[in-house]
Amino acid sequence: MPRICSMASEPNDVTKQTTFPSHVLKIGIVGFGKFGQFLAKTMSRQGHTLIATSRSDYSDICQALGVTFFRDPQEFCKERPDVIMVCTTILAMESTLRSLPLEELYITNTLFVDVLSVKEFPRNLFLEVLPEQCEILCTHPMFGPESGKDSWAGLRFVYDKVRVGKEGSCAQKCNDFLSIFESEGCKMVEMSCTEHDRYAAETQFLTHTVGRILSLMNLEPTPIDTKSYETLRHLTETMSGHSMDLYNGLFLCNANSMEQMEKLERAFDTVKNDLLGRLHGMISKQLVHRVPGSAPSPPASSTMDANSLKGAEKSKIQT
Ligand code: NAP
């Protein structure tokens with residue numbers, strides 16, 4: 001049965017009531033950047049034992065969070081965590097995983113988890129690099145330190161049990177790991193890595209791309225901003241908070257991203273050509289009609305001025 005406990009992880013934290021998973025896990029975080037720290041706070045509050053290793057020294061931050069930090073990946077692996085959760089950037093995952101002394105884990109059934117924003121890439125890498133006895137769970141929490149700062153309730157958590165036994169200790173570890181998110185109220189979405197990447201290119205990569213394009217236009221607030229314009233400005237602000245490393249990873253490590261980029265380009269060309277084509281048609285007709293003797297005379301007011309453009313716009317709306 002899950003336990004109900006209350007505790008605060010930091011002095012300024014609002015004390016939260018949390019349903020603890022029935023088994024306490026020893027979770028080893030590889031890559032203790034923004035997202036690793038963000039996840040560690042909740043896992044630590046839930047009562048799990050946290051250890052971490054990273055390229056940079058996070059000893060002080062770890063101490064404040066109740067996480068044991070290991071500079072040396074060998075010492076980290078010797079701790080034999082139940083779960084190793086990879087939280088590096090997408091592009092740093094391969095070199096980081098390959099540099100871990102995996103031989104330290106050969107006798108244990110470690111569950112490897114990743115939280116990368118693409119899924120086929122880490123799945124294939126895990127399958128290639130990890131020994132048979134290590135189990136694999138690929139995940140993507142569809143939220144971050146900003147959207148999940150107050151609560152994870154209702155936020156989506158995507159996962160794929162790539163190599164997890166149906167029963168036994170590893171199946172239990174996997175369920176305990178998933179219940180960290182379930183107990184916080186996440187919407188649990190079980191989905192293959194392939195399916196995730198298809199959807200993610202259509203949603204996340206597109207959002208990042210549009211945000212990046214708009215941010216190049218330096219959208220400024222004006223005294224007559226509409227709600228829609230405010231939404232666009234908000235998008236550029238949100239996207240500028242993400243690193244270029246993440247965007248490069250979303251593009252390079254998701255096979256569907258290039259197609260989305262091309263679709264976006266084609267859609268922009270279609271809109272532009274449609275608009276210019278219609279205007280060109282309207283205006284050239286009016287110019288031809290001005291020549292005496294050619295077709296019926298145009299209305300007296302018809303000149304290539306602001307009225308023509310208004311008319312063109314009207315006919316566009318009517319079609
Ligand atoms: P981040 O703050 O840039 O942290 C990335 C981590 O990767 C750091 O620990 C960093 O090491 C490590 N790293 C970067 N380059 C490296 C290299 N060349 N060699 C070794 N380690 C390297 O990024 P983040 O926001 O925490 O995101 C981490 C992962 O979570 C990404 O894969 C992202 O797709 C995923 N994710 C993020 C969010 C989000 O909202 N942030 C949401 C869902 C999923 P050091 O700091 O030790 O140098």
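The values are calculated or read from the model by the stated rules, or taken from the named source; none is laboratory data. Computed from a predicted structure; not experimentally measured. Note: ideal-geometry Cβ built from the backbone for every residue, glycine included; neighbour counts use all protein chains shown. Just the protein is used for accessible areas: all its heavy atoms, side chains included, with ligands, DNA and RNA removed. Shrake-Rupley method; radii C 1.70, N 1.55, O 1.52, S 1.80 Å.
Numbers for the structure displayed
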| quantity | calculated |
| --- | --- |
| Residue within the stretch 211-232 that is buried (at least 16 other Cβ atoms within 10 Å of the Cβ), touching a residue at least 40 places away in the same chain (Cβ under 8 Å) and closer than 24 Å to residue 87 by Cβ present | no |
| Unmet requirement for residue 277, which otherwise passes all of (1) in contact with a helix residue (DSSP H, G or I) (Cβ under 7 Å, 6 or more places away or on another chain); (2) open to solvent by less than 60 Å² (accessible area, probe 1.4 Å); (3) more than 16 Å from the ligand (Cβ to nearest atom) | (1) |
| Test for residue 250: is it open to solvent by less than 90 Å² (accessible area, probe 1.4 Å), modelled with pLDDT of 95 or more and within 27 Å of residue 196 (Cβ to Cβ) | yes |
| Residue ID - modelled with the lowest pLDDT, chosen from residues in the stretch 139-191 that are out of contact with any Cys (no Cβ under 9 Å at 6 or more places or on another chain), more than 16 Å from the ligand (Cβ to nearest atom) and more than 23 Å from residue 47 (Cα to Cα) | 167 |
| Failed condition for residue 41, given (1) more than 23 Å from the chain's Cα centre (by Cα); (2) within 16 Å of the ligand (Cβ to nearest atom); (3) not aliphatic (A, V, I, L, M) | (1) |
| Residue in the stretch 18-26 that is at pLDDT 95 or above, within 16 Å of the ligand (Cβ to nearest atom) and open to solvent by less than 30 Å² (accessible area, probe 1.4 Å) present | no |
| Pair list, Cβ < 7 Å and 6+ apart or interchain, from the stretch 257-284 residues that are closer than 17 Å to residue 247 by Cβ and modelled with pLDDT of 95 or more to residues that are loosely packed, with under 11 Cβ neighbours inside 10 Å and not hydroxyl-bearing (Ser, Thr, Tyr) | none |
| Residue among 32, 38, 112, 69 that is open to solvent by less than 40 Å² (accessible area, probe 1.4 Å), modelled with pLDDT of 95 or more and farther than 24 Å from residue 143 by Cα | 69 |
| Checklist (1) at pLDDT 95 or above; (2) within 30 Å of residue 255 (Cβ to Cβ); (3) among the polar types (S, T, N, Q) applied to residue 228, failing item | (2) |
| Those residues of the stretch 44-66 which are away from the ligand (no atom under 13 Å from the Cβ), of a type outside the set (D, E, K, R) and open to solvent by less than 50 Å² (accessible area, probe 1.4 Å), in sequence order | 44, 46, 47, 48, 50, 51, 65 |
| Which listed residue is touching a residue at least 24 places away in the same chain (Cβ under 8 Å) and open to solvent by less than 40 Å² (accessible area, probe 1.4 Å), from 192, 179, 151, 169 | 179 |
| Total residues in the stretch 76-89, condition part of a helix (DSSP H, G or I) and open to solvent by less than 10 Å² (accessible area, probe 1.4 Å) | 2 |
